[in-house]
Amino acid sequence: MRAILSVFDKKGLIDFARGLTEIGTELYSTGGTQRDLAAAGVPVASVSELTAFPEILDGRVKTLHPAVYAGILARRDIQAHMRTLDEQSISPIDLVVCNLYPFVRTVTKRGVKLDDALENIDIGGPTLIRAAAKNFPDVTVVVDPADYGWVLQKLRGEELSTEDRRGLALKAFQHVASYDTAVAEYLRGNQPGFPETMTIALRKSADLRYGENPHQAGAVYVTESVRRPQPWGVSSARKLHGLDMSYINYLDADAAWEAAVDFREPAVVIVKHATPCGIGEHADPAEAYRLAFEGDTVSAYGGIVAVNGTVTHAVTEAMKGVRFDIIMARDFEPEALERLRKRKDVRLLKVGSPDAGELGWTYRSVAGGMLVQEPDRHADESIEMKVVTSRAPTAEEREALLFAWKCVKHIKSNGIVLAARGQMLGAGTGQTNRLNSVMLAIRAAGERAAGSVLASDAFFPFADGVELAAEAGVTAIIQPGGSIRDEECIDAAERAGVAMVLTGVRHFKH
């Protein structure tokens, strides 16, 4: 058996190569791989001995030669192929061990130049891998060091089946596809618009017990991107304690985290069924938690808590006696973590967040395809609040309106939020008409509706929602405007003495 070994990731390589030589494999290699094997005392020859041609162009051309690719691609069951090898004095290659230059690692370094990026686009490696994978019935291809152990064990027993090689070939093609995706993404850069064709590289993080329901299978994948080189978001969260995450856990946690990190000041978001039921913002994280929890103490039970900063001991004190499925944060104080780990039924997640420039696009599957869009990261702090009533909001109302406007962005449309300064008091979400959303938000707020402010994620189509809010005691409203009945809605607010401002920005969340 003959093998070509050419890898960037040298993990486990020496032991694997030694095992191959023990079963009589002739090893050929290039560049750094050959030097490492030789230094470890592993018998290895240069690929140039196969090709009778030196490495040239600073190593750009090493394996790109008929003596290599004919040896890999020749079908052993076609006599004409084998005769051609004999006529050309070419030996068959039975095993290719190869993985690729760290393109993503290179192009995500600070100050990387285009020349550096281009030098790290692997050509020979993907070609070797694809050739071996194409001919997997006769040739074994290994791209993952994690496979060295079982592959070697089966080769020792001559038990490596066609199905084994098929699985390795599948992995090999996916390895190259993910690599090419990263190169294309880098070259695309910040070009405006959406490309005509596009691939997304995903790496499985874990299998789930099941999907949304027990009869559905599920898994979680992490995106691999040159724009987002560091793990971030819920899919890459580090579990510090608790049971494994479920499909619904991920959806709920994602909704909570996306809302929490949208606030600049310390904030806590509590989510139930992918919808915030409590949001609090305060300089003191423990107080932010209290505000969030008091927003809806009934729905909060068994919910998901996201803290956009550090969970302190004081936060855990405030949480005492309340059951949560997940508590997630950027970090946990050691004392807080020790205390929360005593809860057997809670998952503790440490979650990273990207810089604004790393957000990229958002993806959502539909039957037979995918929807792609920019994330809703409108700078709400800089919106122009156009006052359309004779009474302008007071300074306190204005602050509450901005907070409510931030909250409603994370409420499923049709979305209505009632809020006070730093506290969401009630939400109406996911309704088929806006009046029902107003009714639900008022009901959730109860007596606290009196003196609150209201945010609507889209315009009021009729004045009835404004009138209902005014009857409940709402004193100020923020909404996008743009309805053909804007004047009717403004008049209704005017009659009730409610201040109204228009933003000109919509925040639908479906």
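Report the residue count in segment 11-45 for those that are within 42 Å of the chain's Cα centre (by Cα), at pLDDT 90 or above and over 20 Å from Gly71 (Cβ atoms).
14
Yes/no matrix, rows are residues, columns are (1) closer than 19 Å to Pro266 by Cβ; (2) within 24 Å of the chain's Cα centre (by Cα):
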position: Tyr301; (1), (2): no, no
position: Ala306; (1), (2): yes, yes
position: Met328; (1), (2): yes, yes
position: Glu335; (1), (2): yes, no
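Taking segment 46-72 only, how many residues are closer than 15 Å to Val97 by Cα and either modelled with pLDDT of 90 or more or among the small types (Gly, Ala, Ser) (or both)?
Going through segment 46-72 one residue at a time, the tally reaches 3.
Residue-by-condition table, conditions (1) under 24 Å from Arg165 (Cβ atoms); (2) assigned by TED's automatic domain parsing to the domain that holds His175; (3) in contact with a Lys or Arg (Cβ under 8 Å, 6 or more places away or on another chain); (4) part of a helix (DSSP H, G or I):
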position: Leu37; (1), (2), (3), (4): yes, yes, no, yes
position: Pro54; (1), (2), (3), (4): no, yes, no, no
position: Arg105; (1), (2), (3), (4): no, yes, no, yes
position: Arg110; (1), (2), (3), (4): no, yes, no, no
position: Ala133; (1), (2), (3), (4): yes, yes, no, yes
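When segment 160-193 is examined, which residues are found to be surrounded by fewer than 18 Cβ atoms within 10 Å (Cβ to Cβ) and aliphatic (A, V, I, L, M)?
Leu170, Ala177, Ala184, Leu187
Name every residue in segment 1-27 that is in a strand (DSSP E or B) and in contact (Cβ under 8 Å) with a residue 60 or more places away in the chain, in order of residue number. Step through it out loud before you land on a result.
Let us first name the residues in segment 1-27 that are in a strand (DSSP E or B), namely 2-6, 26-27.
Result: Arg2, Ala3, Ile4, Leu5, Ser6.
Would you mind finding the one in Ile279, Ile304, Ile327 that is under 22 Å from Ile248 (Cβ atoms), touching a residue at least 60 places away in the same chain (Cβ under 8 Å) and touching a helix residue (DSSP H, G or I) at 6+ places or on another chain (Cβ under 7 Å)?
Exactly one of Ile279, Ile304, Ile327 is under 22 Å from Ile248 (Cβ atoms), touching a residue at least 60 places away in the same chain (Cβ under 8 Å) and touching a helix residue (DSSP H, G or I) at 6+ places or on another chain (Cβ under 7 Å), namely Ile279.
Out of segment 1-24, which residues are polar (S, T, N, Q) and more than 15 Å from Ile72 (Cβ to Cβ)? Lay out the reasoning, then the answer.
From segment 1-24, those polar (S, T, N, Q) are 6, 21; that's our starting set.
Matches in segment 1-24: Thr21 only.
Can you name the condition, by its number, that Val42 falls short on among (1) surrounded by fewer than 20 Cβ atoms within 10 Å (Cβ to Cβ); (2) aliphatic (A, V, I, L, M); (3) in a loop (DSSP other than H, G, I, E, B)?
Tallying (1) surrounded by fewer than 20 Cβ atoms within 10 Å (Cβ to Cβ); (2) aliphatic (A, V, I, L, M); (3) in a loop (DSSP other than H, G, I, E, B), Val42 fails exactly one: (1).
Touching a strand residue (DSSP E or B) at 6+ places or on another chain (Cβ under 8 Å) and closer than 16 Å to Cys277 by Cα - does that describe any residue in segment 357-368?
no
Please work out if Leu118 is in a loop (DSSP other than H, G, I, E, B), modelled with pLDDT under 90, out of contact with any strand residue (DSSP E or B) (no Cβ under 7 Å at 6 or more places or on another chain) and within 22 Å of Val176 (Cβ to Cβ).
For Leu118, the condition - in a loop (DSSP other than H, G, I, E, B), modelled with pLDDT under 90, out of contact with any strand residue (DSSP E or B) (no Cβ under 7 Å at 6 or more places or on another chain) and within 22 Å of Val176 (Cβ to Cβ) - is not met.
Taking segment 378-393, which residues are in contact (Cβ under 8 Å) with a residue 24 or more places away in the chain and assigned to a loop (DSSP other than H, G, I, E, B)?
Hits for segment 378-393 are His378, Ile383, Glu384, Met385, Val388, Thr389, Ser390, Arg391, Ala392, Pro393.
Give me the residue from segment 380-401 that is at pLDDT below 95 and not charged (D, E, K, R) and, out of that set, surrounded by the fewest Cβ atoms within 10 Å (Cβ to Cβ).
The qualifying residue surrounded by the fewest Cβ atoms within 10 Å (Cβ to Cβ) is Ser382.
Provide a single number: the residues in segment 56-103 that are assigned to a helix (DSSP H, G or I) and of a type in the set (A, V, I, L, M).
So the count comes out to 8.
When you look at Ala146, is it closer than 24 Å to Glu158 by Cβ, in the same structural domain as His175 (by TED's automatic domain parsing) and surrounded by 20 or more Cβ atoms within 10 Å (Cβ to Cβ), yes or no?
Judged against the criteria, Ala146 is not a match.
For segment 200-216: of the residues being charged (D, E, K, R) and more than 25 Å from Phe173 (Cα to Cα), which is modelled with the lowest pLDDT?
Only one residue tops the list, namely Arg209.
Residues are listed down the side, and each one gets a yes or a no for (1) in contact (Cβ under 8 Å) with a residue 24 or more places away in the chain; (2) out of contact with any Cys (no Cβ under 6 Å at 6 or more places or on another chain); (3) among the hydrophobic types (A, V, I, L, M, F, W, C); (4) farther than 26 Å from Ala286 by Cα:
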position	(1), (2), (3), (4)
Glu399	no, yes, no, no
Met439	yes, yes, yes, yes
Glu447	no, yes, no, no
Ala455	yes, yes, yes, no
Phe460	yes, no, yes, yes
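Condition first: closer than 22 Å to Ala420 by Cα and not aliphatic (A, V, I, L, M). Now tell me which residues in segment 465-488 satisfy that.
Gly465, Glu467, Glu471, Gly473, Thr475, Gln479, Pro480, Gly481
Return yes or no: is Gly111 touching a Cys at 6+ places or on another chain (Cβ under 8 Å) and within 20 Å of Tyr186 (Cα to Cα)?
Spelling it out, it is not the case that Gly111 is touching a Cys at 6+ places or on another chain (Cβ under 8 Å) and within 20 Å of Tyr186 (Cα to Cα).
The values are calculated or read from the model by the stated rules, or taken from the named source; none is laboratory data. None of the values given here were measured: they were computed from a predicted structure. Quick reminder, even Gly has a Cβ in these numbers, built from the backbone with ideal geometry, and neighbours come from all protein chains shown.
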